[in-house]
Every structure is written in structure tokens, then in C-alpha cells.
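Chemist: Sending over a structure as C-alpha cells; questions will come in a sec.
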């Protein structure tokens, strides 16, 4: 176990060093480096929704609302306290905590709903958040309201987003493999059966919902300090649909699929936008729908089909190959 943990840590550290050096030397330019940062931020948000929908089975269409709450709260903290590294860390924690707290408050009543009804309730919450952000200047002129919030210090760096993404994935993975995670999966598979077997379904649905929304708030804080400008339109329904599409395309119940798809999806959208220009923005909804329809027909289980990348499986396959070769060599 120690050997496998050391190998995993070494692989992640090596990946960080390689990407960092490539960015510092100009192999990865400033523009594509920023897209890479956005891809990692999207990964953090998508992992949060994967906990809610992919593993706990709670259909949520209001993820962008929590993303926006985290972004505005974090930006307000740094605008008020100053753009130091400590204040940035404090702002990210405040954004994640605010999103998680609001998720707890609204989750207790709406998580009693199921399926489409829950989706409609969370969609309504997302619309409410967008309207509140458009009128936030009445609460504080710093928030900007419908004109947007500007003057946010640009503090998000590759190191911040990379290691926070790693921390988020590790936290989600440890939760999924724990007894709490198995309880969440049991709720997803059959909530009535889980309730009969003594699982506190409300508690575990709330746990997944709060933690997933807090991750969205963390991603929002990083997003705010990456582009230095926020507008309520950045957190509309399409932003929720983006993340939902990533989770479905990656495969419900697959953390690996969510991570791979989130990174690939952001780069794919940027390539399409670069090639098609304004036409892609006009037809973006159609592109989303076509991709989703094709996937549901060709591979309804998603990219990974609920499977995970496992170091145990990788090392096991190598051992099996080595044993097979050794056996073949020893045959007469």
C-alpha cells in the first residue's frame, strides 16, 4: 500500500513539474495555459456535481448558482481585504463555505423531492441566484449588479488550480470508497431499499449535496480570480448544463470519467470556438444536444461506463503479463 501511494504521489508530482516547466518555457503559451487553468477549475466543479448526481443520484440543475455564489463571495473578500496570498486562501475558503452553507439550508427541504421534481427545484434556485446577482449592487456597489463585478485581483495560478484539483479529486475518492460513499451509492441505486435497510437517506443525500456544492463554490472562487471580472450571465442555466453534460458524458458513477471529460470538454469547446467563431456561440445549444444524442445512442453508459482508473488494476495487469511471459518462457 505504501509503495502504491508513493507511486501515485510521484506520478502527480511529475505531471505537475512537466506542465509547470512547459508553461514557464513557453511550450504551452499564455492563452492555452489559461484554458488549462479553466479546464482544471471545471474539473473541480464537475467532481462536485458527480458526487451529487453520479454517486448520490440527486438530479441537480442549479450547480451554476453555487458556482456563482462562491465566485462573488470570494471576489468580495479579496476586494475588501486586499489581494494577498493569505487573503486569497481566505476568500476561497469563504466562497466554498458560503456555497456549502446555502446548499445545506435549501437542501433540507428540497432533497425530499426526487427525480425531475428535484431538478426543477434546483433549476429554480439557479434562476433566483442569477436574478439576485443582477441586483447585487443594491446590497453593495462593489458587487456591480447587472454591469458585472470588476477590479478583482488576478491571483489564480496554475499551482493553485492544479493542487486544489488534486485535493478535490482525492477528497471525493476517499468519500466514495468509505462507508459514507457506499451509503450514497445505495441511495442512488434504490432509495426505498436503502431506507428499509436502515440507511439515513436524508443525511447522506444532504452530505453529498453540501460537499458537491462547496466544491462548486471553490471552483467559482478560482474562476473569479482567473479572469478578474464577473457577470451574472456567466452563471446562467447553460453553465449548469455544461457541468451536467460533463458528468453524463464521463459516465455516471465514474470519477475518472468526470475528470477526463471535464478537461477534454473545455479544450474541445475552445477549439470549436476558435475554428467556427461566432457561429459556434450562436449554435452552441444545438452542438450540445447533438453530442448528447449521439452519445446516448452509441454509448449510453458514458465514456468510462462507471469504471475507474485504478493503480491496483494497472499493476495487476503488468504482473499478469509478466507471469504469463515467465510461464511461456518456461514451457518446453
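The values are calculated or read from the model by the stated rules, or taken from the named source; none is laboratory data. Keep in mind the model is a prediction, meaning the values are calculated, not measured. Ideal geometry is used to build each Cβ from the backbone, glycine not excepted, and the neighbour counts take in all protein chains shown.
Chemist: Can you spot a residue in the range 190-197 that is outside any helix (DSSP H, G or I) and in contact with a helix residue (DSSP H, G or I) (Cβ under 8 Å, 6 or more places away or on another chain)?
Modeler: There is at least one residue in the range 190-197 that is outside any helix (DSSP H, G or I) and in contact with a helix residue (DSSP H, G or I) (Cβ under 8 Å, 6 or more places away or on another chain).
Chemist: Looking at residue 68, is it within 27 Å of residue 204 (Cα to Cα) and touching a strand residue (DSSP E or B) at 6+ places or on another chain (Cβ under 9 Å)?
Modeler: The answer is yes for residue 68.
Chemist: Could you list, in sequence order, the residues of the range 248-279 that are surrounded by fewer than 19 Cβ atoms within 10 Å (Cβ to Cβ), in a helix (DSSP H, G or I) and at pLDDT below 85?
Modeler: Result: 268, 270, 271, 272, 273, 274, 275, 276, 278, 279.
Chemist: Give the residue, chosen from 75, 97, 56, 71, that is closer than 13 Å to residue 209 by Cβ and surrounded by 15 or more Cβ atoms within 10 Å (Cβ to Cβ).
Modeler: Criteria check complete, one pass: 56.
Chemist: Separate question: Kindly evaluate residue 245 against the criterion of being at pLDDT 85 or above and in contact with a helix residue (DSSP H, G or I) (Cβ under 7 Å, 6 or more places away or on another chain).
Modeler: yes
Chemist: If you don't mind, there's one more thing I want to ask. Restrict the check to the range 149-167 and report whether at least one residue is over 22 Å from residue 93 (Cα atoms), out of contact with any strand residue (DSSP E or B) (no Cβ under 9 Å at 6 or more places or on another chain) and in a helix (DSSP H, G or I).
Modeler: No - not one qualifying residue is present in the range 149-167.
Chemist: Continuing with this model, one more query. Going by what's in this entry, would residue 240 be described as surrounded by 15 or more Cβ atoms within 10 Å (Cβ to Cβ), at pLDDT 70 or above and in contact with a helix residue (DSSP H, G or I) (Cβ under 7 Å, 6 or more places away or on another chain)?
Modeler: For residue 240, the condition - surrounded by 15 or more Cβ atoms within 10 Å (Cβ to Cβ), at pLDDT 70 or above and in contact with a helix residue (DSSP H, G or I) (Cβ under 7 Å, 6 or more places away or on another chain) - is met.
Chemist: Scan the range 202-221 and tell me whether some residue there is modelled with pLDDT under 90 and assigned to a loop (DSSP other than H, G, I, E, B).
Modeler: No: zero hits.
Chemist: For the range 38-51, state whether one or more residues are within 14 Å of the chain's Cα centre (by Cα), surrounded by fewer than 24 Cβ atoms within 10 Å (Cβ to Cβ) and farther than 30 Å from residue 178 by Cβ.
Modeler: Scanning the range 38-51 turns up at least one residue that is within 14 Å of the chain's Cα centre (by Cα), surrounded by fewer than 24 Cβ atoms within 10 Å (Cβ to Cβ) and farther than 30 Å from residue 178 by Cβ.
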